[in-house]
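Below you'll find the structure, written out as structure tokens, and then a few comments.
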Amino acid sequence: MTKSVLGIIGGSGIYDLPGLQNAREQRIESPWGEPSAAPRIGEIEGLPVVFMPRHDKGHRLSPSDINYRANIDVLKRCGVTSLVSLSACGSFRADLPPGTFVVIDQFVDRTHKRESSFFGKGLVAHVSMAHPVSPRLCDEVASAALAEGIEVKLRGTYVCMEGPQFSTLAESLTYKQLGYSVIGMTNMPEAKLAREAEICYATVAMVTDFDCWHPDHDAVTVQDIIKVLLANADKAKTLVARLAKDFPRQHEPCPIGSDRALDSALITAPEARDPALVKKLDAVAGRVLGK
């Protein structure tokens with residue numbers, strides 16, 4: 001079996017990972033451009049852990065400016081087998097108040113400015129996104145939260161908007177009526193790219209506000225969000241420490257095949273593949289391309 005390497009992407013308010021032992025920053029080049037930051041590599045309780053702040057330290061990058069392909073490529077090059085996204089979000093449900101953690105099981109992608117695939121002209125691939133997260137990883141995250149007394153809700157739909165502006169009232173009411181649970185700006189195309197890279201993926205959506213549908217919260221402000229962000233960040237770091245402590249040291253095959261998503265995804269004939277693109281895919285798709 002493959003050795004487990006746990007990846008953590010820190011969203012808004014989470015720019016470092018305290019408790020990472022023998023930590024070092026290692027700048028890794030990616031053929032897809034510059035990642036958000038150099039990954040911080042270390043271990044927790046003997047488990048290899050790789051941390052990347054999605055917005056860089058100091059929150060330098062907006063959701064639309066993040067190079068999601070480079071981030072996932074670099075994490076893959078670091079050997080990450082399971083990836084947990086820690087993401088701030090707004091809530092559409094009264095039973096998901098600020099401070100609640102939601103382990104997402106579905107996504108709706110409303111972004112339109114981002115590169116959403118490693119594949120394309122010269123090498124076409126179609127991976128399944130019917131079930132976009134790894135159920136075993138979600139269970140492990142939920143168990144770690146419960147063990148630390150962190151309130152967590154299982155299952156929910158995350159709609160990803162482009163941003164960086166918050167929703168209009170009409171948008172917020174529409175998403176609420178459609179039955180979505182939370183809204184954020186970063187988990188797409190991140191989840192799609194993780195699937196293409198055959199990395200098991202899970203999201204902990206950390207509620208900071210009720211978006212603007214709620215009559216008592218009709219104007220979302222950064223100042224209000226930051227207050228909840230700080231409290232959520234402390235809980236998230238506790239969650240990650242417990243997750244790492246209990247995490248399987250050997251990677252167990254994903255029950256829905258997240259870690260073998262490319263087995264039947266490549267459609268371009270070998271003789272028609274673009275050598276330049278094949279070269280760029282050495283980390284992401286090397287297993288099926290014979291690299």
key: Gain upon complete extension [Q165, H126; 0.36 nm per residue less C-alpha separation]   = 10.9 nm
message = Over the Cα atoms, compute the radius of gyration (one decimal) and Dmax (the largest Cα-Cα distance, rounded to a whole number) for the range 44-162, in Å.
response = 16.0, 49
message = Averaging over every viewing direction, what projected area does the convex hull of the Cα atoms of the chain cover, in nm²?
response = 14.4 nm²
task = Within 10 Å of each residue's Cβ, count the other Cβ atoms and sort C78, C89 from fewest upward.
result = C78, C89
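Using the Cα centre of the range 6-289 as the reference point, and only Cβ charges (+1 on K/R, -1 on D/E), how large is the resulting charge dipole? Debye, rounded to the nearest 20.
Using Cβ point charges on Lys, Arg, Asp and Glu, the range 6-289 gives about 480 debye.
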request  = Quick one: order L277, L262, L230, L6 by neighbouring beta-carbon count within 10 Å, fewest to most.
outcome  = L230, L277, L262, L6
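Tally Lys/Arg at +1 and Asp/Glu at -1 over every other residue whose Cβ is under 12 Å from the Cβ of K192; what's the total?
Residues near K192 contribute -1 overall.
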task = Could you list E43, E271 in order of exposure, starting from the residue whose Cβ has the fewest other Cβ atoms within 10 Å?
result = E271, E43
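Compute the convex hull volume of the Cα atoms of the range 27-103, divide it by the residue count, and report the result per residue in Å³ as a whole number.
Details: hull volume 10.0 nm³, N = 77.
Output value, Cα hull per residue: 130 Å³.
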remark   = Placing +1 on each Lys and Arg Cβ and -1 on each Asp and Glu Cβ in the chain, then taking the dipole about the Cα centre, the residue among P275, L96, P39 whose Cα reaches farthest towards the positive end is P275
Helical contribution to [θ] at 222 nm, DSSP H n ≥ 4, -39,500 (n - 2.57), averaged over the chain, rounded to 500 = -8000 deg cm²/dmol
ask   = Which value, in debye to the nearest 20, gives the size of the charge dipole of the range 17-115 about its Cα centre, when Lys and Arg are +1 and Asp and Glu are -1 at the Cβ?
value = 220 debye
key: Dipole axis of the range 6-289 (+1 Lys, Arg; -1 Asp, Glu on Cβ), positive-most option in H55, S264, Y180   = S264
request  = Set Lys and Arg Cβ to +1 and Asp and Glu Cβ to -1, take the dipole of the chain about its Cα centre, and tell me which of G149, A202, C254 lies farthest positive.
outcome  = C254
ask   = Once label points are set 7 Å from the Cα along Cα→Cβ at both D95 and K227, what is their separation, rounded to one decimal in nm?
value = 2.7 nm
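Here, each number is a calculation from the coordinates, and none is a lab measurement. A quick note: this is a predicted structure, and the numbers were derived from the prediction, not measured. Cβ: placed from backbone, ideal geometry, glycine included. Neighbour counts: every protein chain shown.
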